[in-house]
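Here the structure comes first, spelled out in structure tokens, and everything after it is commentary.
Taken together, the values in this text are just the output of simple stated rules run on the coordinates, not laboratory data. Remember, it's a predicted structure, so these values are computed and weren't measured experimentally. Neighbour counts are summed over all protein chains in view; Cβ atoms, including those assigned to glycine, are modelled from backbone coordinates with ideal geometry.
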Ligand SMILES: *Cc1c(COP(=O)(O)O)cnc(C)c1O
């Protein structure tokens, strides 16, 4: 078997401007070198339990006692599927707010699990229609749960979570949030917003390595979820009981190395100054990115008012010599990996600004982009 990747080098050849997996710190990666016993207190009490407590404190500072956290094997989608499939009862009806690929995925999960659901799709470039939401909640008493993506990673759009939460809670329904690409990097308090369930994963804003997700739950609502799950391995209630009764023990094989790395990542989040400080860094990264890219003639896909600090879409140059592949390869050679676009009908590419990435890295990126604009000799005007 031949392998062109030098597996003996511990240095990253490039930084990942892709929001998950993303670039992690050398100290997070360094924790991966040792093995852990899933039966032992060193792991369950020393690693899993403090992670669970730490996540609850990130979820709500005003009423952490009302929440619990559950870690779930798999990528982020597994945790979303666990939440939806374990919380909406057979008699329930789910309203999905969608404005991108991740919103569509929420609906697809409901479809696979044969959960009664309706979808409000506002299109990839628009925010959810709040008036339509309010009317639907008013008109349809069957709707028991609402689910929405916080930061729609398809475009980088930050959905108006506060407004949505207010409408859903005024109508007395259960609110679930896919905050995969925002939690830990964008300030939020689940109690303040009255969110009942929220999902994120190890390899997004907390800056761990991929391998598990986590679900933050309002305990009073989670207690009602016994026996609802449509899947054994993704049974949220059973996973919770397992972790509570076993003092940090996962029901099935735990991704031990990934979990230990995540613990390190959580400590580094705290050292940085918590979510507020991380949010500030991400915002600065994104601000420099947009300023730099616009100075080179690129245009953002989203209006500024909708744009979050996580990932930004740019229109591709309208030039016959341009291909994403070639642009991508040139940037990769210079140490930066970017993301293809995902918006239907718009030729675009995306650049993430989360992870172990700092404003100086973004300045270097802009230099690299400027040097990689092979389709324009002057290096300006698209
Ligand atoms: C990353 C992400 C997910 C989960 O994707 P996985 O590939 O399963 O980890 C879900 N929702 C959003 C908004 C995301 O950004």
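Over what distance in Å are the Cα centres of the range 47-68 and the range 187-231 separated?
First find each Cα centre; the distance between them is then 11 Å.
I need the Kirkwood Rh of the range 1-141: take the reciprocal of the average 1/r across all distinct C-alpha pairs and report it in angstrom.
19.5 Å is the Kirkwood radius here.
Let me know the whole percent of all Cα-Cα pairs from the range 274-371 that are separated by more than 19 Å.
Result: 39 percent of Cα pairs exceed 19 Å.
For the Cα atoms of the chain, what angle does the longest principal axis make with the long axis of helix 101-112, in degrees from 0 to 90, nearest 10?
Compared with the principal axis, the helix lies near 40 degrees.
Angle, helix 49-59 long axis vs. longest principal axis of the chain, Cα atoms, 0 to 90°, nearest 10?
80 degrees
Helix 236-245: angle to the longest alpha-carbon principal axis of the chain, degrees 0 to 90, nearest 10?
Relative to the chain, helix 236-245 is tipped by roughly 70 degrees.
Just rank 201, 61, 220, fewest to most, by other beta-carbon atoms within 10 angstrom.
With the fewest neighbours first, 201, 61, 220 line up as 220, 61, 201.
Determine the relative contact order of the chain: mean sequence separation of Cα pairs under 8 Å and six or more apart, normalised by residue count, in whole percent.
With pairs under 8 Å counted, the relative contact order is 24 percent.
Cut-off is 10 Å between beta-carbons; in what order do 259, 27 appear when sorted fewest neighbours first?
Going from sparsest to densest Cβ surroundings: 27, 259.
Using a ≥ b ≥ c from the Cα gyration tensor of the range 63-182 (square roots of the eigenvalues), is it rounded, prolate or oblate, where a/c under 1.5 gives rounded and otherwise the larger of a/b and b/c decides, a/b for prolate?
rounded
Assuming a ≥ b ≥ c are the square roots of the Cα gyration tensor eigenvalues, decide whether the range 121-249 counts as rounded (a/c under 1.5), prolate (otherwise, with a/b larger than b/c) or oblate.
Oblate, since a/c reaches 1.5 and b/c is not below a/b.
May I ask you to list the residues of the range 143-169 whose amide nitrogen lies under 17 Å from a point 7 Å from Cα along the Cα→beta-carbon direction of residue 131?
Residues 164, 167 qualify, since their backbone N sits under 17 Å from the label point.
At 7 Å along Cα-to-Cβ for each site, give me the label-to-label distance between residue 66 and residue 108 in nm.
3.4 nm
Please rank 342, 132, fewest neighbouring Cβ atoms within 10 Å first, as an exposure proxy.
132, 342
Can you bin every Cα-Cα distance in the chain into 10 Å intervals starting at zero and give me the percent of pairs per bin, rounded to whole numbers?
5, 23, 31, 25, 13, 3, 0
Which of 135, 66, 93 moves the most in a Gaussian network model of the chain with Cα springs under 10 Å?
135
Modelling each spin label as a point 7 Å along the Cα-to-Cβ direction, I'd like the residue 49/residue 141 distance in nm, to one decimal.
If labels sit at residue 49 and residue 141, their model points lie 4.7 nm apart.
What number, rounded to the nearest 500 deg cm²/dmol, is the helix-based mean residue ellipticity at 222 nm of the chain, given -39500 (n - 2.57) per DSSP H run of at least four residues and division by all its residues?
Computed mean residue ellipticity for the chain: -11000 deg cm²/dmol.
Would you list the P(r) distribution for the range 127-174, with all Cα-Cα distances sorted into 10 Å bins from 0 and each bin expressed as a whole %?
Binned Cα distances yield the sequence 25, 55, 19, 1.
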